[in-house]
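Asker: I have a structure here, written as structure tokens, and I will follow up with some questions on it.
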Amino acid sequence: DLERATQARVEQCVRPEIRALSAYHVPPSSGMVKLDAMENPYRWPGSMVDQWLEVLRDVQVNRYPDPACAELKEDLKLLMGVDPRHQVVLGNGSDELIQIIAMCLAQPGRTILAPEPSFVMYRMIATFCGMAYRGVPLAEDFALDLPATLQAIEETQAALVFLAQPNNPTGNLFDLDAVKQICAATPGLVVIDEAYMAFTDRHHLSLMDEFDNVVVMRTLSKMGLAGLRLGMLFGPPQWLSEFEKVRLPYNISVLTEASARFALNHFDVMKAQTSELRQNRSELMAALQKLSFDKVWPSEANFILVRTGSGQARKVFERLKDAGVLIKCLDGAHPQLQDCLRLTVGTADENRLLLQALHGAMND
Ligand code: PMP
């Protein structure tokens, strides 16, 4: 019958490595305290929402977007302190930028390399693009294993290296000297992924003054605009003009462009929210250290990684869910993340609810 024939046809047509994947899983979260996805929990003040709606009134949704987004790019460069000789490519989230870069460099036999555990999209997008992937395990304390990384770069002649600074899900920054040695040793391109830049004081734009194979990626997602989807890639024009060819012409919608420009005009609001989150992080960290976790790792990001007692992570995750608090359970995601949970830093109230629920979950 048709159903069986369709299944057989799919199996014959779709690449086996794609069939072996699972789609990126997003759990239902309606009505929950949502601390699973590193979002900024704060909304805009009501008066700002009203002004935003006024801006949207003039947006022409009957027309295609302006693919150049020149003013938005200039605003971003200024606010982010990017050298005027560098360019910007915009993505529908930095997820899309990872894909654009990979599509540019992909060739059968070429390798994407990243430390592990790190952001899962690096591996997934390698698979989408038909590239090999090499994950180099981090050291025990989640620092880079520099000798192993340099050896893997040499062995694979890495075409593309991703370094998340700070790293997800471990929350730490990698040593700058180790990063530089990786840039120097990589025959291909090194992408410094600064998704969590708002929560740390160390940034890496200046690496582009030193190396001809470095670009820096950022996003507005963790600063309060996760729903808008705007990622940005900064780098020298020689690299970025190639990436620009692969970007689909209308990947940034008129609503995103207008809303992002509006939001950047109110960057002070976003900044105040992120500094409040940094304060909340310190308070949450101190409170977590008093609970009976095996380990609470320090964090330069808006989330904290913890390890429960052996075999307890799944139970704690489920108890929290029953109490209406959604976090991320990483047990089983990677050998080095056994018994680990990732907690996004929320508002003071949300963090209180999280701590209350943790108390209940860990004491029974
Ligand atoms: N890079 C890192 C390290 C991330 O953790 C994430 C999201 N969790 C992203 C990139 C993607 O962010 P977005 O697509 O929302 O810009």
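Asker: In whole Å, what three semi-axes, largest first, describe the equivalent ellipsoid of the range 134-213 built from its Cα gyration tensor (square root of 5 times each eigenvalue)?
Answerer: 19, 16, 10
Asker: Fully extended, how many nm does the chain gain between T347 and N363 (0.36 nm per residue separation, minus their Cα-Cα distance)?
Answerer: Result for the pair: 3.3 nm of gain on full extension.
Asker: Find the relative contact order for the chain and round it to a whole percent, using C-alpha pairs within less than 8 Å whose residues are 6+ positions apart.
Answerer: Relative contact order comes out at 21 percent.
Asker: Given +1 on the Cβ of Lys and Arg, -1 on the Cβ of Asp and Glu, and no further charges, what dipole in debye does the range 61-266 carry about its Cα centre, rounded to the nearest 20?
Answerer: Here the range 61-266 has a charge dipole of around 680 debye.
Asker: Order these peptides, 181-189, 42-50, by their mean beta-carbon neighbour count within 10 angstrom, highest first.
Answerer: Final packing ranking: 181-189, 42-50.
Asker: If I model a spin label at S30 and E140 as a point 7 Å from the Cα along the Cα→Cβ vector, what separation in nanometres do I get?
Answerer: Label at S30, label at E140, 4.7 nm between them.
Asker: Next question. In percent, how large is the relative contact order of the range 219-309, given Cα pairs closer than 8 Å and 6 or more residues apart? Walk me through the numbers before you get to the answer.
Answerer: Details: 56 pairs, mean separation 17.0, N = 91.
Relative contact order for the range 219-309 comes out at 19 percent.
Asker: Here is a further query. If R₀ is 35 angstrom, what is the calculated FRET efficiency for the pair D175 and V120, using the beta carbon separation as r and rounding to 0.05? Present the calculation step by step, with values, prior to reporting the outcome.
Answerer: Numbers: r = 23 Å, r/R0 = 0.66.
Calculated value: 0.90.
Asker: Then there is this: Using the 2.2 N^0.38 Å rule of thumb for compact globular proteins, work out how the chain stacks up: its C-alpha Rg over that value, please.
Answerer: The reported ratio for this selection is 1.03.
Asker: I want to check the label-to-label distance for V269 and R57. Put each point 7 Å from Cα in the C-beta direction and report it in nm to one decimal.
Answerer: Each label point is offset 7 Å from its Cα along the Cβ direction, giving 1.7 nm.
Asker: Given R₀ = 30 Å, FRET efficiency for S206-E74 by Cβ-Cβ distance, to 0.05?
Answerer: Details: r = 21 Å, r/R0 = 0.69.
So, using R0 = 30 Å, E works out to roughly 0.90.
Asker: Say we join alpha carbon atoms closer than 10 Å with springs in a Gaussian network model of the chain; which of D66, D145, D201 then has the biggest fluctuation?
Answerer: Among D66, D145, D201, the largest GNM mean-square fluctuation belongs to D201.
Asker: Kindly give Rg over Rh for the range 61-266, based on alpha-carbon atoms, with the Kirkwood expression for the hydrodynamic radius.
Answerer: Result: Rg/Rh = 0.96.
Asker: Counting GluC sites (Glu not before Pro) as exposed when in a DSSP loop with at most 14 other beta carbons within 10 Å, what is the longest stretch of the chain free of them?
Answerer: 211-364
A short reminder: the numbers here are calculations on the coordinates, not readings from a lab. This one's a predicted model, so the numbers in the text were calculated from it and none came from an experiment. So basically every Cβ, Gly included, is an ideal-geometry build from the backbone, and we count neighbours across all protein chains shown.
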